[in-house]
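Colleague: Here it is: the structure, laid out below.
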Amino acid sequence: MTRHAEADRFEQLFNETHSDLLAYALRRARNPEDAADVLAETYLIAWRKLDRVPRGEDARLWLFGVAWNVLRRGVARQHALSAVVERLAQELHEQEVAAPASQDELPPALRAALQTLPERHREVLLLTAWEGLTPREIATVTGAPVNLVRVRLHRARAHVRRALSDPPGSEAARNHSSERQIPHVLDTS
């Protein structure tokens, strides 16, 4: 079949069936946008498999079958997505993450120490502390060699340790909880 003949056949198929298929999709989809997506995907499949689409009334039934499969896959995807979201919400609720949401929520001494770090060192330290990434994972994220990440992490930890052990009477000395806010950030193990 020539390209022109295929286009003519598809146009005729669409003109003869789109109203019925749209009504079918509208009655079964969650909203009109989903119904339009079902219709579009159904006709995309029909175009790709035009040589397998039966002729006459059987073509309409074949398209209903395709639309039914598209709807079913969409529902299965939605159920899977809902299950993942529900499981994640449950895990987050059980963990009650204690890490601060931003640097602004850190104790002032720790926040000041972090602010004096070069951005590259601070980011490596925070990726370790807040995201729990290893140096190898940080290297993947940042594109830096893993050994460079290790050096930056070592220097950042040393800098923060020094800043938090400032002279007696400083806020850092009075408030040793600063180190507990980022539990393993200063741990070199």
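The values are calculated or read from the model by the stated rules, or taken from the named source; none is laboratory data. All of these numbers come straight from a predicted model, not from anything done at the bench. Using ideal geometry, Cβ is built from the backbone for each residue, glycine included, and neighbour counts are taken over all protein chains shown.
Colleague: Suppose we filter region 41-68 for residues that are touching a residue at least 40 places away in the same chain (Cβ under 8 Å) and either in a helix (DSSP H, G or I) or in contact with a Gly (Cβ under 8 Å, 6 or more places away or on another chain) (or both); how many remain?
Modeller: Residues in region 41-68 being touching a residue at least 40 places away in the same chain (Cβ under 8 Å) and either in a helix (DSSP H, G or I) or in contact with a Gly (Cβ under 8 Å, 6 or more places away or on another chain) (or both): 7 in total.
Colleague: Turning to a different aspect of this structure: Tell me, yes or no, whether region 16-26 has at least one residue that is within 25 Å of the chain's Cα centre (by Cα) and among the acidic types (Asp, Glu).
Modeller: No, because not a single residue in region 16-26 is within 25 Å of the chain's Cα centre (by Cα) and among the acidic types (Asp, Glu).
Colleague: Right, something else. Please find, within region 154-168, the residue that is modelled with the highest pLDDT out of those that are closer than 16 Å to Pro107 by Cβ and surrounded by fewer than 16 Cβ atoms within 10 Å (Cβ to Cβ).
Modeller: Filtering first and then ranking leaves Arg161.
Colleague: Where the second residue is assigned to a loop (DSSP other than H, G, I, E, B) and among the small types (Gly, Ala, Ser) and the first is closer than 18 Å to Ala144 by Cα and lies in region 108-131, which pairs have Cβ atoms under 6 Å and are six or more apart or on separate chains?
Modeller: none
Colleague: Taking the criterion of being modelled with pLDDT of 80 or more, within 30 Å of Arg48 (Cβ to Cβ) and charged (D, E, K, R), would at least one residue in region 71-81 satisfy it?
Modeller: yes
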